[in-house]
Amino acid sequence: MGGLTIEKLKSNNYSSVHRNKLLTEAFYLTNDIEKYGTGFKRIFSWLKSNSNLNIDIYYSNDFFKIDLIETVNATVNERQKKIIDNIKKQKSVTVNELAKYCNVSRDTIMRDIKKT
């Protein structure tokens with residue numbers, strides 16, 4: 001990758017290198033990419049405005065892999081943590097189901113969701 005390291009990416013101290021200029025140009029002309037070599041810079045800029053998100057970057061087999069990590073606000077209470085965990089597990093759940101699961105009213109669930 002032309003000496004590009006995770007540390008250089010994180011410090012914004014690198015120059016973009018296109019491994020296949022024809023492929024890069026094709027993606028640009030078909031509007032599948034917006035700009036050359038700005039992806040990581042835009043990701044880090046976007047993360048600054050989304051404080052509940054972070055990334056892990058891995059390098060393997062000549063490419064970078066990024067995992068997006070959502071962090072839960074440290075001020076959430078135990079019931080809110082239960083709600084978040086249940087939503088993550090179920091993928092689709094109603095407010096009424098969450099109320100029954102937490103043994104509280106529907107209005108309490110709605111307040112808790114608005115706070116998180």
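Throughout, read-outs are computed from the coordinates displayed, never taken from laboratory work. All values derive from a computational prediction rather than experimental measurement. Here the Cβ is made from the backbone with ideal geometry for all residues, glycine too, and neighbour counts use every protein chain on show.
Here are a few things to note about the model shown:
- Estimated dipole of region 6-70 in Debye, rounded to 20 [Cβ of Lys and Arg +1, of Asp and Glu -1, Cα centre]: 260
- Unit charges at the beta carbon, dipole of the chain: most positive-side option, Ile109, Thr38, Asn52: Ile109
- Cα gyration tensor shape of region 36-85, rounded if a/c is under 1.5, else prolate or oblate by comparing a/b with b/c: oblate
- Gaussian network model of the chain, springs between alpha carbon atoms under 10 Å - residue of Ile69, Ile43, Ile87 with greatest fluctuation: Ile87
- For Ile55, net neighbour charge (Lys/Arg +1, Asp/Glu -1) across residues whose Cβ lies under 11 Å away: -1
- Option label - Kirkwood radius over Cα pairs in Å computed here, alternatives (i) 15.8; (ii) 17.7; (iii) 15.1: (ii)
- With respect to the chain, whose longest principal axis is taken over its alpha-carbon atoms, helix 39-48 is tilted by about 30°.
- Between amide H atoms placed 1.01 Å from N, distances below 5 Å from Ile55 occur with Ile69, all of them 5 or more places distant or on a separate chain.
- Computed on the chain, with alpha-carbon pairs under 8 angstrom and 6+ residues apart, the relative contact order is 16 percent.
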